[in-house]
Amino acid sequence: MQRSSESVAALAAALAKAQAQLVNPEKSLTGIIRSGRPGEGGGRSFRYAPLSSGLDIVRKTLGQHEIATVQSTAIDQPSGMVNLTTTLAHASGEWIASDWPVCPIVDAANPQRMGAALTYARRYALFTLVGIAGEDDLDAAVLCEPLNAPSSSKSSQGQTPATTVATGNGRVFAISGAA
């Protein structure tokens, strides 16, 4: 869900100027997507930019145009999710925000899993909101899969299976519903 102040004219003007200067961060890390389907070995690899590289670029460029970024989390008890809100705030008081689900609350019991999900969500939410790309585009391959393919099937509990991702720094984590 996207939200904003009543007017975003000054913010939009400043963001347009900032976007003319923004560059995509260097994709210096490699991840591997393992589908977990029987008979599929290896997986697909992709390059991506660390959150820290994107933050350096975004803070420097947006700051020159009086735009601040704020990312905060909140627990949504009814849905059982930890959510991330990313806000761009302009010196004029105008703002725009976007919400992104991070992970189920139960993942808070595993700080590494929750931390990986939060970093992933922060990177996607921020890069999307400011209009930069931080990873290889692999979406077309996923879109070509049939809707009834195992990767989009639901478990007996009605949840989409998790995809395991191994990052270039040796960490392995699951991304629910992602391929």
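Here each label is just a point 7 Å from Cα along the line to Cβ, and for Gln19 and Thr73 those points are 3.0 nm apart.
For Leu55, the shell of other residues with beta-carbons less than 12 Å away shows a net charge of +3, using +1 for Lys and Arg and -1 for Asp and Glu. Per the Debye formula on identical point scatterers at the alpha carbon atoms of the range 54-114, with no solvent, log10 I(q)/I(0) at q = 0.15, 0.20, 0.27, 0.28 Å⁻¹ is -0.57, -0.80, -1.04, -1.08.
When all alpha carbon pairs of the range 1-123 are counted in 5 Å bins from zero, the resulting P(r) reads 2, 10, 15, 17, 17, 16, 12, 7, 3, 2, 1, 0 %.
Modelled spin labels at Ile105 and Ser7, positioned 7 Å past Cα toward Cβ, are 4.0 nm from each other. Annotation: amide H-H contacts under 5 Å for Ser45 (H modelled 1.01 Å from N, sequence separation of 5 or more, or interchain): Ile33.
The slack between Ser45 and Gln112, meaning 0.36 nm per residue of separation minus the straight C-alpha distance, is 21.9 nm.
What the Cβ-Cβ distance of Arg59 and Leu29 gives, at R0 = 25 Å and to the nearest 0.05, is a FRET efficiency of 0.80.
Only the coordinates and a few stated rules stand behind these numbers; no lab work does. From a predicted model like this one, the values you see are computed outputs, not experimental measurements. With ideal geometry, Cβ positions are generated from the backbone for all residues, glycine too; neighbour counts draw on all protein chains shown.
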